[in-house]
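Heads up, the thing below is written out as structure tokens.
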Amino acid sequence: MSKHRRVCDGRIGLAVVASVLWAVTPSAAQDGAKPAGKQIPHEIHQKSSVPGRADIPNAEVAKQLRGIAPPPIATPLEKLPLPQMRLPNGFRAEVYVSGIANARTIRLTERGTLFVSNRVLDKVYAVVDRNGKRETKVIASGLDRPNGLAFHNGTLYIAEGTRIIKFEKIEDNLDKPPQPVVVYSDLPNTSSHGWRYIGIGPDGKLYINVGAPCNICEPLQGTAQIRRLNLDGTGAEPFALGVRNSVGFDWHPANKQLYFTDNGRDWLSEDLPEDELNRVTARGQHFGFPYCHQGDFTDREMGWGRSCDEFVKPVAKLGPHSAALGMRFYTGRMFPQQYRGGIFIARHGSWNRTKKIGGDVVYAALNRDGSVRSVKPFLTGFLQNNDWIGRPVDVEVMRDGSLLVSDDFAGAVYRISYGAPRTASR
Amino acid sequence: MIASGTRIKRGLLIAAALVLLATPGMTQSVAERLAPCLACHGENGTSTMPEVPSLGAQPAYFLLIQLFMFRERLRNVEPMTSMLKGVSDDDLRRMAEAIAKLPAPKADETPLSPDRATRVRELVAQHRCNFCHSGDYSGQENVPRLAGQREDYLIKALRGYKDNTRRGYDAQMADVVEPLTDAEFAEFAHYLARIN
């Protein structure tokens, strides 16, 4: 290994000489003489892995199946997709803050500070509102996929890929945050589904998702679950099992049950399975992954010998590949009656689907018993000609009842309000 | 074997390249800025140096993301992180656009083993490399071109995703390599390096 390195380092050195002298690069000598071999023509038309769709691997359609990466640079304010956004009558959208590339999880404090996290980038921000004037500060950088945020009694918790850290009294120290303290680090280091989502439950415990380290597999011990632990990192225990990857959960304000979104597997088909909204009524329930999807069909590889009846079924299906992420019970009073007591859910939008869906915020209305009555679109317009112009990730209810929505594609947070225009917050 | 004296020189020379890059006054054209880069990566889009990737015809968005990641040390590999330190967003964009216009790399001319090619086609059908990297492996948007890339670099990249030393910008390749073995990486690399 080290020998090998040295050789190539030396060559790199030579190359730089060349560059400095404005000369040509060294020859390909190190590759040795290249025998002129007979070229076997590259076969463009490969076998399809999609039954019945010989066109898939190479047609334009196949290209639509890839994941679209969120830009590392935020969309400038004047180019944000406000004009394209659609809301039910009486609602309006405005930009709450722009210029935060890859804006992911959002958490508001009672004082009105908004914390914003990253997933593919490395920062956590605080947005401070002074009478409608907003200032954005980076409070932590160099973090490893710091997607998860929770705020509790003055302390900000950040979940990185392999640990949870905390900043105490953060709001008094936004300009010079103290050194973070590590709370918990018993998390697997996986790239696949290796980012976290956290929340603090009505029981005062910290809940965290530990996603399956794959698209579909028999999950490693301790993965494909939502765990809970004490705020000091002790007492970790699995809370919900068979969860492929949950990147959003919240507790019912009345019955205190945990509801969570879960992203279904990929590469099965355009329309199956759908993402799930689940409800945990008892600790230790199993929600089906990898054996059963969307509560009603067994996996084509992992599901043999299993039955969906072994598992807890979702309370709602949220659309195939729709990437349902952040969700919040609406506890505000600004919105009309029909939007109270239910859940706003951000659907980040599909990859692995030729005709994109999602990229919106939907509203799930609940029945008295906590079951779901309907799921309807609320904020739409981010999907134009099968391309994203924005992608909602998380939602948060402001004190005045307006709704904040983060967008990791455009790098912004929007505020949705109802009724006569008022300025944000107070 | 190259002596370690060269290694010391390498440090100095990278420093010299950095000085060149950081020449004050924005009069430096993109071409001038890229000259030190292409000394390593190959002026005509094809790298001739071990484990240094060819950059020709890479999609501009992929390049922008990788350059951004080097600058922010999200992809922390020397000399790339030092080379891009402090470069503005706009300059990253210009460099990415200029590099994308370089000619596609020349495929390795040593013979493609028909057996290995068959195995790779079977693996591709299973793992759908072509869906994202496109049917001719020319890449698209955030997904890199693989056709004609250096064999040693392809192996290095795949191993990096597998052992987490290269964390991609997003997790797409992590899911892909999860079920793959080192022997299969070698097969992919052999094949991809030899197609145009």
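The values are calculated or read from the model by the stated rules, or taken from the named source; none is laboratory data. No experiment lies behind these values; they were computed from the predicted model shown. Virtual Cβ from ideal backbone geometry, glycine too; neighbours counted across all protein chains shown.
A few notes on this one:
- The requirement of being more than 23 Å from A:W351 (Cβ to Cβ), without any contact (Cβ under 8 Å) to a residue 24 or more places away in the chain and among the polar types (S, T, N, Q) is fulfilled nowhere in segment B:106-113; no residue meets it.
- Checked against (1) of a type in the set (S, T, N, Q); (2) facing chain A (nearest Cβ under 10 Å); (3) over 21 Å from A:D122 (Cβ atoms), B:N164 passes all but a single condition, namely (3).
- Qualifying residue in segment B:84-99 (condition: away from chain A (no Cβ under 11 Å), crowded, with 16+ Cβ neighbours inside 10 Å and under 21 Å from A:D144 (Cα atoms)): yes
- Test: residue in segment A:194-215 that is in contact with a Cys (Cβ under 8 Å, 6 or more places away or on another chain), within 14 Å of chain B (Cβ to nearest Cβ) and either free of Cβ contacts under 8 Å to residues at least 60 places away in the same chain or surrounded by fewer than 18 Cβ atoms within 10 Å (Cβ to Cβ) (or both): no
- Matching residues, segment B:157-177, being among the charged types (D, E, K, R), crowded, with 18+ Cβ neighbours inside 10 Å and either part of a loop (DSSP other than H, G, I, E, B) or in contact (Cβ under 8 Å) with a residue 60 or more places away in the chain (or both): B:R166, B:R167, B:D170
- Test: residue in segment A:385-392 that is touching a strand residue (DSSP E or B) at 6+ places or on another chain (Cβ under 7 Å) and either modelled with pLDDT under 95 or in a strand (DSSP E or B) (or both): yes
- The one condition from (1) of a type outside the set (A, V, I, L, M); (2) within 14 Å of another protein chain (Cβ to nearest Cβ); (3) crowded, with 24+ Cβ neighbours inside 10 Å; (4) out of contact with any Phe, Trp or Tyr (no Cβ under 6 Å at 6 or more places or on another chain) that A:R244 does not meet is (4).
- The set of residues from segment A:67-85 being more than 12 Å from chain B (Cβ to nearest Cβ) and of a type outside the set (S, T, Y) comprises A:L77, A:E78, A:K79, A:L80, A:P81, A:L82, A:P83, A:Q84, A:M85.
- Candidates are the residues of segment B:113-146 that are more than 7 Å from chain A (Cβ to nearest Cβ) and among the aliphatic types (A, V, I, L, M); the one that is nearest to B:L63 (Cα to Cα) is B:L146.
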